[in-house]
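See structure below.
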Amino acid sequence: MIQFQYIRASTQKTAIETTAKDATAMFIAGGTNLVDLMKRGITTPQKLVDINNLPLKNIDASTGRIRIGALALNSAVAENKLVLDRQPLLAQALNAGASAQLRNMATVGGNMMQRTRCPYFYDTAMPCNKREPGSGCGALEGFNRMHAIFGFSDKCIAVNPSDMNVALVALDATVHIAGPKGNRTVPFINFHRLPGDLPQKDNNLEKGELITAVEIADNPFNKHVHYLKIRDRASYAFALVSVAAALHLDGNTIKGVRLAMGGVAHKPWRLTEAEKALVGKTVSEGTFRQAAEIAMQGAKGFKYNSFKLKMGPNAIVEALKTAAGIV
Amino acid sequence: MAEKKACSLPGDQASSNESRRDFLKQSSLLTAFAITPGVVVKAAESKWDEGIAASLEKMPLKLEINGVKQSLQVEPRVTLLDLLREQLALTGTKKGCDYGQCGACTVHVDGQRVLSCLTLAVMAEGKKVTTIEGLATGEQLHPMQAAFIKHDGFQCGYCTPGQIMSAVACIKEGHANSEAEIREFMSGNICRCGAYPNIVDAIMEVKQGGQQI
Ligand SMILES: Cc1cc2nc3c(=O)[nH]c(=O)nc-3n(C[C@H](O)[C@H](O)[C@H](O)COP(=O)(O)OP(=O)(O)OC[C@H]3O[C@@H](n4cnc5c(N)ncnc54)[C@H](O)[C@@H]3O)c2cc1C
Ligand code: FES
Ligand code: FES
């Protein structure tokens, strides 16, 4: 690992100022993604601003919402009583990610910001527009088994690897951001971006901006939820495809639904059209199958990931069935 | 010839020996620019001794390891794993992958299991670290260590310190209530010898034994 300067920030203001004015400075939270990338020479900050002393760990519920501090640990969120009671989908998604040790280190802000696991991004001997803009996309014609089927561009077909993000996009979370120009909020669905011509940019956070919290407004999705993750081994592996499903049922009638997929796009992929098709319908495998087909419209596979075109809809049906309790 | 010219510095009166030294200085300065920021570059610019530069790059670090207070100097890029193994000769904690993928380096920081290979040592400032060396009480093995021996929870033993540290935490966290739960919450510890069934048995026994762990 290259040498770098390490600074422990004691206030949010200094953390932001230090990172905003220095092109080579980065925040470090749990370090589980950044230290990995630094060891491999993929990310090479010359200044690390440690934000762990900032008071951003709290998880609290104010009127009508849960607010989760950006430094809350993934394990702490997954075990938090408020979260388990009101947003169990989020707890399920978190527990499906990484390992117990990693969840004890990883923070909510860091999880949102984690970079893709595309092998071409990881291999510095290979072309990758995300790591080295202009060098080409190795995955496009290469080994693209883990890659996107939605929203990709000819510059990048990588996927966002986070499980937590899939639940947060389904739950219509809001991201709270503090920056050199003041505070702002961004709907979670607009936080991450599609690759387009700028695959090096995973999200819409500006230089020096700090995620301070994520908020989820209370919703009726606290009972019939399921996070289904399909991967190469039973645990401790990234998703090939994942589905976050939440139903609001009145008897057998679907009053509301939230549906999102992971492992299929450069950002957590919300399935709005499928949701629309489900509202007002009666719970049944056939209804879920129809919605899954709508969800997959526009999907396109590459040489090694076409299996996702079949696995995707099947996963949607399974997740909805489990959420509805009709397995 | 051309090469020699490129090496020699303006003036050319300097002895060949001296110009070689200047060349080395200059080229190491360039390398320093390429790979290191901050103090080392400054030190090279102002022709400080590299030894001084290195010591300036180190940071003071106070933490407690297995009950012993340590006051150390470390470079920010040193991981907790390398600090334990290379600087403190606590080689019980193993380096399997060095990238967070195997769990061999699992230690407890303030009672929580974490991966020491992805922890920068400077980020453990003021914390209490427990490694496999800190688990036993004198000659008395920790119940989990004893259970691993009894149940043959290993073959080559390389993953074992990490497995044991993780297993202790798994019970303390309340994630050892069934075989399935143990398997899920121990999935961050890979065993290439495949001792998994015996590891699960060892954890089940300690959990059911209800001993103080
Ligand atoms: C072996 C392995 C397996 C894994 N498996 C999974 C998995 O199955 N599913 C999954 O979802 N994840 C998985 N992960 C990824 C893990 O979830 C992330 O590494 C973790 O969430 C990152 O959080 P962190 O706090 O450690 O971030 P860091 O590594 O500290 O930071 C990551 C990035 O976020 C930035 N950052 C951190 N906090 C903030 C903030 N508050 N504001 C702005 N920027 C910030 C940093 O500058 C950095 O760029 C795995 C990781 C490993 C190593
Ligand atoms: S050495 Fe740390 S997880 Fe493998
Ligand atoms: S005992 Fe050999 S790796 Fe686990």
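The values are calculated or read from the model by the stated rules, or taken from the named source; none is laboratory data. It should be emphasised that the depicted structure is a prediction, and the values quoted were computed from it without experimental measurement. Cβ: placed from backbone, ideal geometry, glycine included. Neighbour counts: every protein chain shown. Heads up: the accessible areas ignore ligands, DNA and RNA and are worked out on the full protein's heavy atoms, side chains in. Shrake-Rupley method; radii C 1.70, N 1.55, O 1.52, S 1.80 Å.
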Quiz item: Taking the condition within 11 Å of ligand 1 (Cβ to nearest atom), outside the structural domain of residue A:37 (by TED's automatic domain parsing), over 14 Å from the mean Cα position of the chain (by Cα) and not hydroxyl-bearing (Ser, Thr, Tyr), does residue A:104 pass?
Solution: yes
Quiz item: Is one or more of the residues making up the stretch B:105-120 under 11 Å from the mean Cα position of the chain (by Cα) and more than 10 Å from every other protein chain (Cβ to nearest Cβ)?
Solution: no
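For (1) in the same structural domain as residue B:198 (by TED's automatic domain parsing); (2) of a type in the set (Lys, Arg); (3) within 14 Å of ligand 1 (Cβ to nearest atom), each residue gets a yes or a no:
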residue	(1), (2), (3)
B:107	no, no, no
B:113	no, yes, no
B:121	no, no, no
B:128	no, yes, no
B:145	yes, no, no
B:149	yes, no, no
B:153	yes, no, no
B:156	yes, no, no
B:167	yes, no, no
Exercise. Considering each of B:157, B:103 in turn, give the residue that is at positive phi and surrounded by 23 or more Cβ atoms within 10 Å (Cβ to Cβ).
Key: B:103
Exercise. Say whether the condition of being touching a residue at least 40 places away in the same chain (Cβ under 8 Å) and within 14 Å of chain A (Cβ to nearest Cβ) is met by at least one residue in the stretch B:141-155.
Key: no
Quiz item: Using beta carbons and a limit of 8 Å, which pairs, at least six apart or on different chains, have the first residue in the stretch B:184-200 and within 12 Å of residue B:160 (Cβ to Cβ) and of a type outside the set (A, V, I, L, M) and the second one part of a loop (DSSP other than H, G, I, E, B) and more than 12 Å from ligand 3 (Cβ to nearest atom)?
Solution: B:189/A:99; B:198/B:151
Practice problem: Might you let me know whether the stretch B:125-143 holds any residue that is more than 16 Å from ligand 3 (Cβ to nearest atom) and crowded, with 23+ Cβ neighbours inside 10 Å? | Solution: yes
Practice problem: For residue A:308, state whether it is open to solvent by 50 Å² or more (accessible area, probe 1.4 Å) and of a type in the set (D, E, K, R). | Solution: no
Quiz item: Just for helices (runs of 4 or more DSSP H) wholly inside the stretch A:1-115: which have at least 1 residues that are more than 16 Å from ligand 2 (Cβ to nearest atom), open to solvent by 10 Å² or more (accessible area, probe 1.4 Å) and aliphatic (A, V, I, L, M)?
Solution: A:12-21, A:74-79, A:81-86, A:108-113
Practice problem: Only residues that are over 16 Å from the mean Cα position of the chain (by Cα), open to solvent by 20 Å² or more (accessible area, probe 1.4 Å) and either within 16 Å of ligand 3 (Cβ to nearest atom) or not small (Gly, Ala, Ser) (or both): list them for the stretch A:237-262, please. | Solution: A:248, A:249, A:250, A:252, A:253, A:255
Quiz item: Does residue A:184 satisfy being surrounded by fewer than 18 Cβ atoms within 10 Å (Cβ to Cβ), without any contact (Cβ under 8 Å) to a residue 24 or more places away in the chain and more than 12 Å from the chain's Cα centre (by Cα)?
Solution: yes
Quiz item: With (1) part of a helix (DSSP H, G or I); (2) open to solvent by less than 50 Å² (accessible area, probe 1.4 Å); (3) within 16 Å of ligand 1 (Cβ to nearest atom) as the list, and residue B:188 as the residue in question, which single condition is left unmet?
Solution: (1)
Exercise. Find the residue count for the stretch A:224-261, including only residues that are of a type in the set (Val, Ile, Thr) and farther than 29 Å from residue B:187 by Cα.
Key: 3
